[in-house]
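Read-outs throughout are calculated quantities, based only on the coordinates presented, and are distinct from any laboratory measurement. Just so it is clear, the structure is predicted and the values come from calculations on it, not from any experiment. Cβ atoms come from the backbone with ideal geometry, glycine included; neighbour counts cover every protein chain shown.
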Amino acid sequence: MAREGKFITPRRNSRQIMVGGVPVGGKSPVTVQSMTTTKTHDVDGTLSQIYALAGAGCDIVRCTCNEVEAAVGLAQIVPRSPLPIVADIHFHVEMALAALEAGVAGLRLNPGNLRKPEEIKLVAREAKDRNVPIRIGVNAGSLHPDLYKKYGGATPEALVESALTELNLFREVDFEDVKISVKASNVVLMIEAYRMLAEMTDHPLHLGVTEAGPPPNGLIKATAGIATLLAEGIGDTIRYSLTADPVEEVKAGRTLLESLGLRERRGLDLIACPSCGRAEIDVIALAKEAQTELEKLNLPIQVAVMGCVVNGPGEAREADLGIAGGRGKGHLIIKGKIVRVVKEDEMVKALVEEAQKLVAEGYEARLAAADPNAEAEAARDREELLEAKGTDANNSSVRIENIKRRVTEE
Ligand code: SF4
């Protein structure tokens, strides 16, 4: 179960809209979005990317609809897609209308690029007739030039005004099936704009730091912006805009929501110690190998990889399954209990086998199948290690005494 995030401000009350079969806003779970990087006219290529995104936990996917061929592609993609498709529209009203014809579940309009009020209202009317929601997708980098001039730049006020102006045009044709984003690559600007917007409307908000860049910096920037707002109760759907395979965007989005307790864990959660002077094994290599092998199983399980048998079992106590390395061996741990001691070079294999059995048979069965000698063998390993290295592996108490003596002598 997701842990109740008590530090998180209760979610802002937003109205709920439906993107295909996926609810966004209201009390529905915060959803994860991504965007395909294929040419939309490449139907098979785009669909194969959409399937990969769905497998990684994506809820809604966006495809560009920038030319007639893309709209034709969408008409073939939509009926075969496992996820609702949102068409991304920038300059051409015809593309918005063609995407609606193709049966998309949502549109994204950029008010900075599609500017004529009559055209915007025409799209809203057509979307209304089909019960298709629209995202007003304001972007600091393509802000309407009038607003840029009025505010002397892309300020939070300018981004919010752009969104609300478009919303008012929609209201003129009685269309409210709308979610809104006010993205910027500047994290502080983006946070301020969303905070302001959250006060002014109850429409669901789509969060993102646009053009965040490649990982790891892009991941950090996007997380700084999205997580800050989510912790304040703001945000109904999120997208990591990374310069990377879109599957990475989805993994990042899922990990963020799961770590904040906003979504149930659906796959592997690998925790690993950062390693330190006590480490008896190459924790980084072991954690990487374990991650690669366990990810293939796609099991909803938390696994801990710890570098030593002194602190490892304690630190891994909360995980479903763990392994602590040391003295040429690995101590395999289920919910804090050592169930087997394996050779160091068999640790990943043991983890993979036990993860499968644990999910198939459950804790009680696996604890009952524990090697009765494992706890005693592990205790011996721990004692040997403590004897060899002491409880103070870095000899800090000796060092401190030496420093004290030197200081006194001086
Ligand atoms: S588990 Fe052991 S090796 Fe890893 S950080 Fe903790 S003390 Fe260091």
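At a Cα cut-off below 30 Å, give the lysines reachable from Lys221, other chains included and same-chain residues fewer than 8 away excluded.
Counting by Cα, and skipping residues close in sequence, Lys221 has these lysines nearby: Lys6, Lys27, Lys39, Lys149, Lys150, Lys179, Lys183, Lys251, Lys288, Lys296.
Taking 0.36 nm per residue of separation and subtracting the Cα-Cα distance, what length does fully extending Ile220 through Lys27 add?
Contour length minus the Cα-Cα distance gives 66.7 nm.
Among Leu74, Ile180, Leu367, which residue has its Cα furthest toward the positive end of the charge dipole of the chain, with +1 on Lys/Arg Cβ and -1 on Asp/Glu Cβ?
Value: Ile180.
Starting from 0.36 nm per residue, how many nanometres of slack lie between Ile271 and Leu367 once their C-alpha separation is accounted for?
Details: separation 96, 0.36 × 96 = 34.56 nm, distance 2.12 nm.
Length gained, Ile271 through Leu367: 32.4 nm.
Amide H of Arg62: which non-local residues (sequence gap of 5 or more, or other chain) have their own amide H closer than 5 Å, using H built in the peptide plane?
Amide H to amide H, under 5 Å and 5 or more residues apart or across chains, Arg62 pairs with Ser34, Met35, Thr36, Val86.
Grab the Cα-Cα distance for Glu118 and Glu211, subtract it from 0.36 nm times how many residues apart they are, and report the gain in nm with one decimal.
30.5 nm
Taking only DSSP H segments of four or more residues, each worth -39500 (n - 2.57), what value at 222 nm results for the chain once the sum is divided by all its residues, to the nearest 500 deg cm²/dmol?
-14000 deg cm²/dmol
For the ranges 156-167, 112-123, 13-24, what's the packing order if you count other beta-carbon atoms within 10 Å of each residue, average per peptide, and put the highest first?
Answer by packing, highest mean first, reads 156-167, 13-24, 112-123.
Would you please give the residues with an amide H less than 5 Å from that of Asp269, counting only those at least 5 places away or on a separate chain, with H modeled from the backbone geometry?
Answer set, sorted by chain and number: Ile301, Gln302, Val303.
What order, most packed first, do the peptides 189-201, 352-364, 255-267 have when packing is the mean number of other Cβ atoms within 10 Å of each residue?
Numbers: 189-201: 19.8, 352-364: 14.9, 255-267: 17.7.
In decreasing order of mean packing, 189-201, 352-364, 255-267 become 189-201, 255-267, 352-364.
Distance between Cα centroids, region 322-357 to region 268-306: provide it in whole Å.
Rounded to whole Å, the Cα centres lie 11 Å apart.
Amide H neighbours of Gly213 under 5 Å, at least 5 residues apart or on other chains, H built in the peptide plane: list them.
Thr243
Placing +1 on the Cβ of each Lys and Arg and -1 on the Cβ of each Asp and Glu in region 17-259, which of Thr165, Gly20, Ile191 has its Cα farthest towards the positive end of the resulting dipole?
Ile191
How would you rank 314-320, 273-279, 85-91, highest first, on the average number of other Cβ atoms within 10 Å across their residues?
Listed from highest to lowest mean packing, they are 85-91, 314-320, 273-279.
For region 17-259, what's the radius of gyration and Dmax over Cα atoms, in angstrom?
Rg then Dmax for region 17-259, in Å: 16.4, 46.
What does the charge dipole of the chain about its Cα centre add up to, to the nearest 20 debye, if the Cβ of each Lys and Arg holds +1 and the Cβ of each Asp and Glu holds -1?
600 debye
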